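The next block holds one structure in the form of C-alpha cells; read it before the comments.
Each reported figure results from applying straightforward, stated rules to the coordinates on display, with no laboratory input. None of the values given here were measured: they were computed from a predicted structure. Every residue, glycine as well, gets a Cβ built from its backbone with ideal geometry; the counts of neighbours run over all protein chains shown.
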Amino acid sequence: MSERIEPVGLVSLVIVARNEEGCLPQILADIAAQDHPHTNIELLLVDSNAGANEAQRQLMEEFAQNTHGFRRVVVLDNPAEYLPQGCNIALAAYEGDVFLRVDAHARIPADFVRRCVEVLEEGHDVCGGFRPVVVKEPTAWRDTLLAAETSAFGASPARYRRAQQGAEVASVFHGAYRRRVFGAVGGYDERLLRTEDNDMSQRIRAAGFRIWMDPRIYSQQYLRPSLQALLRQKYANGYWIGRTLWLKPKAVSLLHLVPCVFVLALFAGVVLGLCLSWLPLLALCGLYLLTDLALSIIAALAAEKRRASMLALPLIFPTMHIGYGAGTIAGLFSGLARRILKF
C-alpha cells in the first residue's frame, strides 16, 4: 500500500481488441452504463486487426462518435496486432491518473470503475477483484466445460477466480494501475504474447508495489465456447510459459510448470516401461485417476447446473492438463531453438 494516498481524477479505461466484434457491443454497453462520473473517464479503444476487420472497427468508431459524456473516446491502431503492443500504444496515449484495462470478451457491472477508484483511494497502487468465468450462450456441454474451467484442478487456483477477503496477491485480472506504477516499471514486454501480464505483475512486485485483490470489485470473463477452443487456449498458454522461461523466468511460477512435469513423467514412465518395468507408469496413472475422479465429482457437485454431460469431466481434465503441458514443452524447445539460432 502506498504511503501517499491521493485522490483519483481521470480514469483511462482501455480495451485492446482483435476480432471481438461479437463481444464488443456488450462490453461497450457496460462501459456506457458506468455510474462513476463519465467526465472523469476517458475510453481508449485499441483496434488490433490492422485494418482486416471492418465490423469491429465500425463498432469502435460508432461508439466514439457519441462519447456518452466521457471526457474523450479515442480509437487507436495497433498494426502489430498483438496484445502487449496494443497495451503499450494505450500507455503512450492515456492521460489519466489510472490505467484500467478490461478485456473485450468481458462483462463489468455498473459500479466497476467506481469500485476500482474507491479501492485505489484507500491507499493502493494496483487493484483488481473477483473475476469468475461465465458462459455466454449456455448449453449442457458448455456448462460442463464451465465446471472444468472453474475448478482449481482444471485452471489455476488464483485468488481472482474465487471470491475471498481482500488480500495482497501475485496478480489480478482487469487491474487498475496508478500512473506512477508504469512510470517505475515501464511498459509491457512485447516479446511475451500470452504472459505479458505475468511479467508485468512480477516487475510491479519487484519494484516494491503491492497488488491488492478486493472482492468489492467484480467482473466476468466469457468461457471459450467449445472443448476445441478451450484446448487451443490451454496449449497456447502452456506454450508461452515455455517460451517465457527463456525470456523472463521470474514471471513463471512453479504452479505453471505442474502440467509440464506431469507430461514429462508420463513420457518417462513409458520409457521405463519399455526398458525396465511398467510399475512406475501404472502407479502414476493410478494416482492421477483417483485424484481426477474425486475432483471431477467435486467439480460436478459445485456446479450451478448439474448436467449428465459432466460424466465426461474425468476425460476433460487430463486432456486440458496434457494440452497445457505439451504446449509448455513445445515452448521450451522453441525458445531453445531461437536461442541457438539467434532469431
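A few comments on the model shown:
- Counting only lysines at least 8 places from K248 when in the same chain, those with an alpha carbon closer than 28 Å to its own are K234, K342.
- Among the chymotrypsin sites (Phe, Trp or Tyr not before Pro) within segment 242-283, those in coil by DSSP and having at most 14 neighbouring Cβ atoms inside 10 Å are W278.
- Net dipole in debye of segment 25-141 [+1 Lys, Arg Cβ; -1 Asp, Glu Cβ; about Cα centre; nearest 20]: 200 debye
- Prolate/oblate/rounded call for segment 230-341, Cα gyration tensor, a/c under 1.5 rounded: oblate
- A Förster radius of 30 Å combined with the Cβ-Cβ distance from W141 to D35 puts the calculated FRET efficiency at roughly 0.25.
- For segment 125-142, backbone nitrogen atoms closer than 11 Å to the point 7 Å from R210 Cα along Cα-to-C-beta are found at 125-126.
- Sparsely packed loop sites in segment 3-83 (the trypsin sites (Lys or Arg not before Pro) outside DSSP H, G, I, E and B with at most 13 other Cβ atoms within 10 Å) comprise R4.
- Three-way shape label, segment 73-175, alpha-carbon gyration tensor, a/c 1.5: oblate
- For trypsin sites (Lys or Arg not before Pro), the sites in segment 302-343 that DSSP calls loop and that have at most 16 other Cβ atoms within 10 Å are K305, R306, K342.
- Exposed GluC sites (Glu not before Pro) absent: longest stretch of the chain, with sites in DSSP loops and at most 16 other Cβ within 10 Å deemed exposed: 191-303
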